[in-house]
Amino acid sequence: MPRWRRPARRRTIAPVEWFVVMGVVVVVGSALRLWRRRRRPGSAVPTPEGHEEGRRVELVVPDDSGFSIEARATAFIDPPLDLGLEITRRSPWDPGVGGVSIPIRGFADRYLVRADEEGRAAALLDSDLQRAIESVSETIAEVRLSDDRVVLAGQEPDGERDAWLNELRRRCAALADGVERASLRVPVATGLVRYLGQWSAWARTRGLEVGTAPLGAAGRLKDLETAAWFERVAQGRHRLRLRIDLGVEAQDLSQADREALADLARLGETEVRDGVLSLSCGLDHEPPELPPHMVDQAAAVAAGIRDRAQRAALGKSGPYR
């Protein structure tokens with residue numbers, strides 16, 4: 001035996017140590033059995049986005065090689081509300097977790113509700129929407145609502161994966177529909193009250209439908225599908241957002257189109273993507289007549305792009321070609 005290597009000292013294990021060791025073995029063994037029984041191959045990965053009754057819904061589900069056992073569906077609200085809304089289910093172990101909730105009678109003891117203005121949150125969470133949320137919560141573990149989305153998540157029942165995912169997606173989209181219906185009863189944000197009269201009068205003259213959560217208008221402007229709304233940036237701060245369906249891709253824009261868009265960009269950030277013109281303008285105590293004027297100016301630019309594209313297409317084909 002090499003002299004630099006000392007023989008190991010034999011050590012006896014006391015009874016209490018045996019108890020600790022056996023306890024660790026039992027815990028580890030139980031965890032491994034649970035892992036094997038619950039294991040789903042792969043970590044959670046997103047599936048391709050789909051639509052449920054016209055609403056964009058994203059599913060994140062376990063794949064074939066990891067540990068995740070939970071599926072999650074997200075239904076998007078577009079345009080998003082402007083309430084600063086957060087609704088989450090309170091923890092059954094500690095109902096106080098999450099801070100102070102807006103005191104909506106019969107609901108705040110089970111759900112944490114946050115929003116910029118208590119009155120607007122209460123108008124949204126009427127008895128119909130409360131029942132819808134509670135109905136979903138009976139069978140789905142996680143329910144979360146915010147301005148721009150509804151999220152449902154829960155464990156897949158063994159052997160029922162396809163049916164469970166279809167049901168999760170359907171119920172998520174249905175709850176988002178319920179949120180949008182309830183938003184029609186919500187009054188305009190306090191910080192936007194001064195814009196309401198001018199905005200509503202302008203929208204009526206253009207034949208557009210007006211919403212109040214968020215304050216916005218939608219319909220056909222210069223015969224183009226248009227949506228404009230005041231987007232919440234932070235509590236008490238908003239910006240004007242606009243989308244107009246051009247039907248013209250960015251790579252097909254002419255030099256005249258690009259010059260017109262550059263002129264429009266003086267109002268705010270502009271972009272043409274997937275045939276849609278988007279405009280985002282910051283608001284800082286602008287006079288109430290300015291946002292409608294911005295939308296009219298953008299619509300005029302969009303109509304010019306459309307008309308030039310139509311003339312170009314006619315010139316290429318020609319009546320006799």
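Selection within the stretch 217-231: residues that are in contact (Cβ under 8 Å) with a residue 60 or more places away in the chain and either in a loop (DSSP other than H, G, I, E, B) or basic (Lys, Arg) (or both). The member of this set that is surrounded by the most Cβ atoms within 10 Å (Cβ to Cβ) is LYS222. Restricting attention to the stretch 272-295, the residues that are over 30 Å from GLU117 (Cβ atoms) and either free of Cβ contacts under 8 Å to residues at least 12 places away in the same chain or surrounded by fewer than 14 Cβ atoms within 10 Å (Cβ to Cβ) (or both) add up to 3. Pairs linking a residue in the stretch 76-89 that is assigned to a loop (DSSP other than H, G, I, E, B) to a residue that is of a type in the set (A, V, I, L, M) and buried (at least 18 other Cβ atoms within 10 Å of the Cβ), with Cβ atoms under 6 Å and 6 or more positions apart or on different chains, are ILE77/ALA176; LEU81/ALA213; ASP82/ALA189; LEU83/ALA115; GLY84/ALA115; LEU85/ALA115. The set of residues from the stretch 192-235 being more than 22 Å from ALA302 (Cα to Cα) and of a type in the set (D, E, K, R) comprises ARG194, ARG232. Of the residues making up the stretch 150-180, those that are surrounded by fewer than 16 Cβ atoms within 10 Å (Cβ to Cβ) and in contact with a Leu (Cβ under 8 Å, 6 or more places away or on another chain) number 0. Does VAL301 qualify as being within 27 Å of the chain's Cα centre (by Cα), at pLDDT 95 or above and surrounded by 15 or more Cβ atoms within 10 Å (Cβ to Cβ)? Here the answer is no, as VAL301 does not meet what is asked. Being within 17 Å of GLN198 (Cα to Cα) and either in a helix (DSSP H, G or I) or among the hydroxyl-bearing types (Ser, Thr, Tyr) (or both) is the filter; apply it to the stretch 248-297 and report the residue that is modelled with the lowest pLDDT. The selected residue is LEU290. The set of residues from the stretch 60-93 being modelled with pLDDT of 95 or more and among the acidic types (Asp, Glu) comprises just one member, ASP82. Scan the stretch 188-216 for residues that are under 18 Å from ASP78 (Cα atoms) and surrounded by fewer than 16 Cβ atoms within 10 Å (Cβ to Cβ) and the total you get is 1.
Evaluating ALA234 against the criteria (1) among the small types (Gly, Ala, Ser); (2) crowded, with 18+ Cβ neighbours inside 10 Å; (3) under 25 Å from LEU83 (Cβ atoms) leaves one unmet condition, (2).
The values are calculated or read from the model by the stated rules, or taken from the named source; none is laboratory data. Since the structure is predicted, the reported quantities are computational estimates derived from the model, not experimental observations. Virtual Cβ from ideal backbone geometry, glycine too; neighbours counted across all protein chains shown.
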